[in-house]
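The values are calculated or read from the model by the stated rules, or taken from the named source; none is laboratory data. Everything numeric here is computed off the predicted structure, so don't read it as measured data. When we count neighbours, we look across all protein chains shown, and the Cβ atoms used for this are built from the backbone with ideal geometry, even at glycine. The protein model used for the area step is the full one, side chains on, heavy atoms only, and it has no ligands, DNA or RNA in it. Shrake-Rupley method; radii C 1.70, N 1.55, O 1.52, S 1.80 Å.
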Amino acid sequence: EKYIVVTGGVLSGIGKGIFSASLARLLKEVGVDINVLKIDPYLNVDAGTMNPNQHGEVFVTDDGYEADLDLGHYERFLGVSMSRRNNITAGQIYSTIIQREREGKYLGSTVQVVPHVTSEIKERITSMPGKVLSIEIGGTVGDIEGEVFLEAVRELAFEKNRNDFLFIHVTYVPYLRVTNEFKTKPTQQSVQLLRKIGIQPDVIVVRSEMPIDSQSLYKIALFSGVPRDMVINLPDVGNVYQIPETLYEAGVHKLVANRLNIQIEEKPLGWS
Ligand code: ADP
């Protein structure tokens, strides 16, 4: 199995979910057996108890699970029904572990975040079906809640083959109108945070209000230590359902296929 791990930097709400769903759709379109997993670091067991005015729609899956709105993005973009298996929350992981501890299943050992919580997360990830699994980690790098999930995927990439993992970091580059320049500093800092916990991204997806000049993109590549062609700019679009096609035109499916060493079919554009 191969894994695509999508993390977010700088701030939330920049389109990490839309990007992940678009990439999954693009890969499905070129014949990849893709499955998706959304990880939510909050302690709610599911999104059913969360205020939709704060958090957005509660998406109910066919099997009756009350999920995060991102599962709705995945279902609409992929045209595939989502189920409770496509979402992991910190609440689920911790309640499983605490229940197991009360049942005495840890046989007297001290139950710890590492290795018990990380092992449970790795177990949930590796039990997912599909040849390629796209894992989106909610929140932004640097959040306390997200740390254990990042540690789990870092360990997984170490224990399995690093070449079977593609780490994509989605960031935001603000534009300063008064000085007429794009600012790459927040992106540099979030990549540094990611590296500090032992994850070197393979691809940087740069969201921005407008298309970014190539000099700024080169700067991001240089400071992030990724090849220039692995820095992809995704400016705002009027209709988010265009994004899979935009990624296709940018050849993102080829980058992913080369990096993960997977077979893809070249298909003419004809999205349905
Ligand atoms: P995140 O997962 O980073 O919190 P989402 O993927 O949920 O963010 O996107 C947040 C909002 O931004 C959504 O309303 C989405 O439609 C919009 N959005 C995402 N990507 C783009 C884009 N490239 N152009 C325009 N709007 C976008």
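Legend: residue pairs LYS16/LYS254; LYS28/LYS122; LYS2/LYS28; LYS16/LYS38; LYS28/LYS254, Cα-Cα distance threshold 18 Å; pairs beyond threshold, LYS16/LYS254; LYS28/LYS122.
Can you give the charge dipole size of the stretch 47-191 about its Cα centre, rounded to the nearest 20 debye, using +1 on the beta carbon of Lys and Arg and -1 on the beta carbon of Asp and Glu? Before the final figure, lay out the partial values.
Values: 15 positive and 20 negative charges, 74 e Å.
I would put it at about 360 debye.
When you count the other C-beta atoms within 10 angstrom of each residue and take the mean per peptide, 7-13, 118-124, 258-264 line up highest first as 7-13, 118-124, 258-264. Our summary of shape: the Cα atoms of the stretch 182-272 have principal axis extents of 40, 33, 21 Å, ordered from largest down, in whole angstrom.
Put simply, the chain fits an ellipsoid with semi-axes of 30, 21, 19 Å; these come from the alpha carbon gyration tensor as the roots of five times its eigenvalues, largest first.
Accessible area per residue for the stretch 167-247, computed on protein heavy atoms with a 1.4 Å probe, is 51 Å².
Remark on ARG207: its backbone amide H falls under 5 Å from those of THR171, TYR172, VAL173, LEU234, a criterion applied only to residues 5 or more positions apart or on other chains, H modelled at 1.01 Å from N. Report, in whole Å, the centroid distance computed from the Cα atoms of the stretch 146-207 and the stretch 231-258. If we compute the Cα centre of each part, the gap is 18 Å.
If you place +1 on the Cβ of every Lys and Arg and -1 on the Cβ of every Asp and Glu, how big does the dipole about the Cα centre of the chain come out, in debye to the nearest 20?
Dipole size: approximately 680 debye.
Applying D = kT/(6 pi eta Rh) to the stretch 10-134, where Rh is the Kirkwood radius over alpha-carbon pairs, T corresponds to 4 °C and eta to 1.567 mPa s, the Stokes-Einstein value obtained is 82 µm²/s.
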